[in-house]
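Presented below is the structure to which this report refers.
The values are calculated or read from the model by the stated rules, or taken from the named source; none is laboratory data. This is a predicted model, so every value here is computed, not measured. A quick note on method: Cβ atoms are made from the backbone with ideal geometry, for glycine too, and the neighbour counts reach across all protein chains shown. Each accessible area value is taken on the protein alone, full model and side chains, heavy atoms only, with ligands, DNA and RNA left out. Shrake-Rupley method; radii C 1.70, N 1.55, O 1.52, S 1.80 Å.
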Amino acid sequence: MSGRLHRPQRWAWFLERPGYLLFMARELTGFFVAGYLVVLLVTLGRLGGGETAFAEWLQTLSTPGWTVAHAVALAASVWHSVTWFAAVPQAMPIQLGEKRLPAPLAAVVMGYGPWLTVTTIIVWGVLR
Amino acid sequence: MGHGTTHPHDVVIIGGGGAGLRASIAIAQENPGFSVACVSKVYPMRSHTVTAEGGAAAAIKPNDSLEDHIYDTISGADWLADQDAVEYFVNEAPAEMVQLEHWGCPWSREPDGSVAVRPFGGMKIERTWFAADKTGFHMLHSLFQTTLKYGNIVRYDEHFATRLLIDGRGRCRGCAAIELRTGKVRAVLGKAVIVCTGGAGRVFPFTTNGSIKTGDGMAMAYRAGVALKDMEFVQYHPTGLPGTGILITEASRGEGGILVNRDGHRYLQDYDLGEALDVSDPRHPQKRAMELGPRDRLSQCFMKEMWAGRTIETRDGHVVHLDLRHLGEAKIDKKIPFVRELSRNYAGIDPVKKPIPVRPVVHYVMGGIDVDGDSATGVPGLYAAGECACVSINGANRLGSNSLTELLVFGAQAGRHAARFAMDNPDCDTADLEAQAEDEGDRIRRAWFGAPSGRGERIAALRTELHDAMEDGAGIYRDAGSLRAACDKVAELKERYGGVALDDRTNSFNTELTAALELESLLDVAEAMAHSGLERTESRGSHQRLDHTERNDDDFLAHSLAFREDGAPPRIEYRPVTITKWPPGARTYGAGSGLKKRPKGDAA
Amino acid sequence: MPAEQTMTLEIFRYHPETDSEPRFQAYEVPYDEDWVVLDAINWIKDHVDGTLTHRWSCRMGVCGSCGMMVNGDPKLTCAAFLKDYYPRPVKVEPLVNFPVERDLVVSLDGFMEKLEAVKPYIIRDDVNDTSGGEYLQSPAELARYKQYSMCINCMLCYAACPVAGHEDEFLGPAALALGHRYNRDSRDRGRAERLDVMLAGEAIWGCTFVGECTAVCPKHVDPAGAIQQAKAVAAQEYFRRFAMPRGAKDAGA
């Protein structure tokens with residue numbers, strides 16, 4: 001009598017379903033968001049360090065390697081944001097009477113809408 | 001197949017569906033010191049109550065009356081219901097339904113927050129409470145989840161009860177049950193027992209019933225000497241999906257759906273069921289008329305249409321069309337979303353765009369374990385409630401939406417009465433009962449694990465022959481010849497049953513063994529159905545004899561009682577129906593039919 | 001009659017009395033485009049091999065008995081049509097993340113404990129008093145929790161959840177969705193009691209929002225959404241209790 005069979009989870013469980021891979025991709029893009037924040041903090045630090053230090057840092061950032069890194073980080077951040085906006089209607093549903101605001105609309109109202117608005121304001125502020 | 005330990009409780013309930021759970025709560029509430037055992041061959045939330053769709057009846061609205069609900073039920077039953085029991089049922093129904101509401105059942109609501117009601121077949125007025133079209137599902141889960149509050153309800157999930165244990169004084173004291181996981185047979189003992197094991201639709205091949213509905217409780221009581229009452233009355237629901245037999249709820253007609261034949265004609269108007277109002281007429285759907293006639297009549301109309309060549313032939317038999325298109329997508333999605341889901345998945349039809357093919361399908365057994373108005377059987381300490389029992393409030397034809405209410409009203413009542421019996425009759429010696437359970441384990445082991453494997457017949461072969469015999473012999477229309485043939489076939493199959501051999505001789509989760517035991521139950525129940533049908537030489541409600549086409553109140557205003565005889569056909573006896581205020585009358589449907597009630601003493 | 005078409009089912013077999021390792025057994029079954037995987041398994045049980053063990057009952061997608069892994073996906077086998085796989089073979093296994101009792105039957109013990117833990121019933125003092133008639137509940141109030149009351153306890157979500165696969169403390173999608181269902185019910189007064197359970201350890205916080213529970217749910221319950229909403233409620237409650245340690249039991253509405 002060997003009894004109940006227990007089947008332990010594989011360490012590479014995330015390879016078993018496409019949904020798991022997407023989940024891992026979403027979580028990993030978090031590192032890029034964090035990395036970009038570090039760059040931003042360093043930039044602020046250099047700004048405090050004087051005009052020369054800041055100019056040198058900007059010079060460094062304009063090298064092709066950094067440009068590529070920025071592009072990758074931007075793509076990852078955008079993807080991360082998109083997954084967040086996709087989750088918003090599930091995590092914070094808006095109920096109107098008996099109906100729920102449809103998910104795409106809720107994503108616009110609570111995600112893409114505010115995002116675009118804030119971005120527009122910043123862009124306007126910078127380009128003014 | 002070893003022996004398990006014995007478990008002493010106060011009340012033992014066999015069956016974890018709606019009635020069993022309602023009974024459990026009733027006892028646990030009223031007697032917090034009591035230990036209640038709930039023995040079920042499946043986890044309670046798998047019980048067949050879960051599939052009920054349309055709703056549960058209780059008169060609560062100002063435009064309704066208890067009197068009307070009583071009259072609808074009695075006339076729907078073709079006067080075979082016991083009128084005192086019906087009165088009790090209807091009077092208790094509203095409080096029971098409110099209780100379930102308090103326990104969390106998500107009833108559909110009116111804008112003012114009160115419970116919404118919908119029209120149902122054979123009911124003069126809309127009084128069917130509903131949770132969209134998953135009423136049974138929500139009721140079962142609300143009941144089951146509520147039982148989790150009570151520490152004194154002890155569940156024996158996946159325990160297959162095989163025998164009622166009767167002590168030396170003839171009192172029922174528990175059951176022997178196979179614990180499926182280990183295969184051990186244990187005695188679950190108490191001071192009173194309630195059987196709540198549901199119906200036996202699986203006697204027939206084409207049924208809405210799930211695989212678990214094999215009449216085990218009916219057969220156990222039958223073997224313990226209790227009569228099976230009114231077993232000839234088996235309900236065909238008029239609208240099942242061809243092939244699978246999946247139920248398309250009567251609520252689809254309550255919401256305005258219509259039935260049409262191959263010519264698009266609403267054929268029910270040709271059978272004394274009233275006038276076919278246009279679907280845009282504000283009076284449609286008319287209560288107690290046309291598509292909202294009673295189930296027995298509608299299923300019989302289908303047969304007549306088929307004989308006249310006006311049905312549609314398909315791979316899965318003849319069908320008519322249930323047309324819901326005029327209801328529109330919004331109403332279908334709000335009121336009967338499950339109908340749409342089932343039709344799409346299992347018939348490949350979107351009812352928003354196309355009519356649904358449907359045909360009559362075995363749905364419910366009106367008959368069952370003979371109990372009195374207190375849910376008590378003739379065996380002291382043994383009670384029964386729900387579809388397995390026959391009180392009788394359903395008589396010769398149950399009205400849609402009365403059975404869900406029945407399991408609440410009589411589940412609770414059986415619980416209270418069994419608890420009282422247990423209080424009044426404290427415990428005595430259990431040694432003999434444990435020995436009985438051990439014997440039962442030995443009997444099962446000898447019968448099924450003794451003979452060499454691979455020599456006998458397969459379970460499925462006998463089951464298929466039983467199905468064919470019952471469908472041919474005891475279907476919507478029967479006669480002496482067909483019923484006699486069914487009786488003979490069942491007798492032959494009972495003979496051959498001893499020659500069935502199992503592939504599986506192991507203990508753990510032996511579902512081939514349980515299938516064999518279920519087949520034995522089906523054979524016992526089928527025997528009672530066929531013989532009771534043969535003896536009743538009249539036509540009433542769902543029992544329609546081609547050789548005796550009229551109702552005969554002089555001889556058959558009586559319940560049939562089938563008593564099991566070892567190695568012989570059952571003995572059939574009769575007991576008069578209890579008539580109080582509503583003398584038998586013509587059973588009419590169509591315009592104004594609900595006005596034809598004439599309580600005794602009223603000038604006609 | 002045309003020659004009968006067939007297809008192959010590769011079925012997971014394990015017997016607790018004799019086997020130390022599971023194996024797969026291939027069965028040839030008749031192919032019928034109306035058949036679901038469950039029909040094929042029943043056909044094998046009836047005609048070929050009575051020892052094959054599985055659970056089933058309603059075969060209309062509401063009793064929740066027949067959940068299995070079909071080609072790696074958690075499915076109700078009564079709703080998985082052969083025609084969606086034919087002519088390739090179909091691999092049938094018991095739901096993952098559960099101990100196997102035998103063949104396709106898994107143990108529900110852990111699930112039943114978790115279900116009970118979330119107190120899935122209406123908690124209020126007058127719950128057994130019916131004299132005042134029904135509690136009023138508007139259609140909008142009903143809509144706040146209705147979706148989360150549709151769970152049939154089929155446990156496909158546990159088989160799809162990688163956290164349920166390794167974190168015992170995590171109550172899991174179905175149980176949490178049901179807890180949330182009662183928390184959102186306007187008739188209930190038991191939210192604080194339920195939050196006591198949900199706030200403990202990994203009970204709810206184990207969820208990392210993989211979202212596959214929602215993807216596989218046959219009844220569109222959206223347990224992933226329910227859990228994120230419940231987390232927000234739990235977080236508010238956590239900080240409220242942190243800020244007001246005394247008398248903070250009542251979580252309000």
Legend entry - log₁₀ of I(q)/I(0) at q = 0.09 Å⁻¹ - the range C:1-127, Debye sum with one point per alpha carbon: -0.31
Inset, instruction - Calculate the mean, over all residues of peptide B:102-112, of how many other protein chain Cβ atoms lie within 10 angstrom of the residue's Cβ. - result: 6
Legend entry - Loop-located GluC sites (Glu not before Pro) in the range B:504-593 whose Cβ has at most 16 other Cβ within 10 Å (DSSP): B:550
Legend entry - Average accessible surface area per residue within the range A:31-128, 1.4 Å rolling probe, Å²: 71
Legend entry - Between helix A:113-127 and chain A: long-axis angle, C-alpha atoms, 0 to 90°, nearest 10: 10
Inset, instruction - For the range B:366-381, take each phi angle, set θ = phi - 60°, evaluate the Karplus expression 6.51 cos²θ - 1.76 cosθ + 1.60, and give the result in whole Hz per residue in order, putting x for glycine and proline. - result: 5, x, x, 4, 5, 10, 8, x, 9, 6, 9, 8, x, 8, x, x
Inset, instruction - Rounded to whole Hz and in sequence order, give me ³J(HN,Hα) for the range B:249-255 from the Karplus expression 6.51 cos²θ - 1.76 cosθ + 1.60, θ = phi - 60°, writing x for Gly and Pro. - result: 4, 4, 4, 5, 7, x, 7
Inset, instruction - Using Cα centres only, tell me the gap between the range B:216-232 and the range B:1-63 in whole Å. - result: 20
Inset, instruction - Two decimals is fine: what's Rg over Rh for the range A:14-128, C-alpha atoms, Kirkwood radius as Rh? - result: 1.10
Inset, instruction - Extending each Cα 7 Å along its Cβ direction at residue A:66 and residue B:316, get the distance between those two points in nm, one decimal. - result: 6.9
Legend entry - Size of the B/C contact, given as accessible area buried on both chains, probe 1.4 Å, in Å²: 5400
Inset, instruction - Name the most mobile residue of A:49, A:97, A:35, meaning the one with the largest mean-square fluctuation, in a Gaussian network model of chain A with Cα contacts below 10 Å. - result: A:97
Legend entry - Per residue accessible area in Å² of chain B, where ligands, DNA and RNA are left out and the probe is 1.4 Å: 31
Legend entry - Test item: C:43-56 mean partner chain Cβ contacts at 10 Å: 5
Inset, instruction - With +1 on each Lys and Arg Cβ and -1 on each Asp and Glu Cβ, and nothing else charged, work out how big the dipole of the range B:1-156 is about its Cα centre, in Debye to the nearest 20. - result: 880
Inset, instruction - Could you tell me how many degrees, from 0 to 90 and to the nearest 10, lie between the Cα long axis of helix C:223-243 and the main elongation axis, the longest principal axis, of the Cα atoms of chain C? - result: 30
Legend entry - Whole-Å semi-axes of the protein assembly as shown's equivalent ellipsoid (Cα gyration tensor): 51, 33, 29
Inset, instruction - Mind putting a number on the dipole of the range B:348-501 about its Cα centre? Charges go on the C-beta only, +1 for Lys and Arg and -1 for Asp and Glu, and I need it in Debye to the nearest 20. - result: 920
Legend entry - Under 5 Å, built H, 5+ apart or other chain: amide partners of residue B:544: B:478
Legend entry - Nonlocal amide H pairs with residue B:181, under 5 Å, H built at 1.01 Å: B:509
Legend entry - In sequence order, calculated HN-Hα J values of the range B:490-499 (Karplus, 6.51, -1.76, 1.60; Hz; x Gly/Pro): 5, 4, 4, 5, 5, 5, 6, 4, x, x
Inset, instruction - Two decimals is fine: what's Rg over Rh for the range B:462-601, C-alpha atoms, Kirkwood radius as Rh? - result: 1.11
Inset, instruction - Treat every Asp and Glu Cβ in the range C:6-106 as -1 and every Lys and Arg Cβ as +1, leave all other atoms uncharged, and give the resulting dipole magnitude about the Cα centre to the nearest 20 debye. - result: 180
Inset, instruction - Would you jot down the residues in the range A:56-99 that end up with at least 30 Å² less accessible area in the complete protein assembly than in the chain alone, with a 1.4 Å probe? - result: A:90, A:91, A:95, A:98
Legend entry - Rounded percent of accessible protein surface that carbon and sulfur make up, the protein assembly as shown, 1.4 Å probe: 55
Inset, instruction - Could you let me know the centre-to-centre spacing of the range A:52-112 and the range B:499-563, using Cα atoms, in angstrom? - result: 67
Inset, instruction - Mind listing, in residue-number order, the residues in the range C:212-235 that have at least 40 Å² less accessible area with every protein chain present than in their own chain alone (1.4 Å probe)? - result: C:212, C:219, C:229
Legend entry - Drop in accessible area of at least 20 Å² in the complex versus isolated chain, residues of the range A:15-34, 1.4 Å probe: A:17, A:19, A:20, A:23, A:26
Inset, instruction - Taking every pair of alpha-carbon atoms in chain C, give the share separated by more than 29 Å as a whole percent. - result: 41
Legend entry - For the range B:208-320, radius of gyration divided by Kirkwood radius, i.e. Rg to Rh on alpha-carbons: 1.07
Inset, instruction - Have a look at chain B and give its Rg and Dmax from the Cα atoms, expressed in angstrom. - result: 23.1, 73
Inset, instruction - Measure of size requested: the Rg and Dmax of the range C:109-243, with Cα atoms as the atom set and Å as the unit; please supply both. - result: 14.9, 48
Inset, instruction - Send over a whole-number figure in Å² for the accessible area per residue of the range C:109-243, probe 1.4 Å. - result: 36
Inset, instruction - Could you tell me which of A:127, B:441, B:182 has its Cα farthest along the dipole of the protein assembly as shown towards the positive end, charges placed at Cβ (Lys, Arg +1; Asp, Glu -1), taken about the Cα centre? - result: A:127
Inset, instruction - Please give the residues of the range C:60-104, grouped as numeric ranges, whose backbone N is less than 17 Å from a label point set 7 Å along the Cα-to-Cβ vector of residue A:10. - result: C:69-74, C:91-98
Legend entry - the range C:189-241-the range B:70-121 distance, computed between alpha-carbon centres (Å): 36
Inset, instruction - Determine the total buried accessible area between chain A and chain C, counting protein heavy atoms only with a 1.4 Å probe; round to the nearest 100 Å². - result: 2500
Inset, instruction - Over the range B:131-191, calculate the relative contact order: mean separation of alpha carbon pairs under 8 Å at least 6 apart, over the residue count, as a percent. - result: 21
Inset, instruction - Return one number: the angle in degrees, 0 to 90 and rounded to the nearest 10, between the long axis of the Cα atoms of helix C:173-183 and the longest principal axis of the Cα atoms of chain C. - result: 30
Inset, instruction - Could you grab the relative contact order for chain B? Cα pairs under 8 Å, six or more apart, rounded to a whole percent. - result: 22
Inset, instruction - Please tell me the relative contact order of the range C:109-243 in percent, rounded to the nearest whole number, where contacts are Cα pairs under 8 Å and at least six residues apart. - result: 30
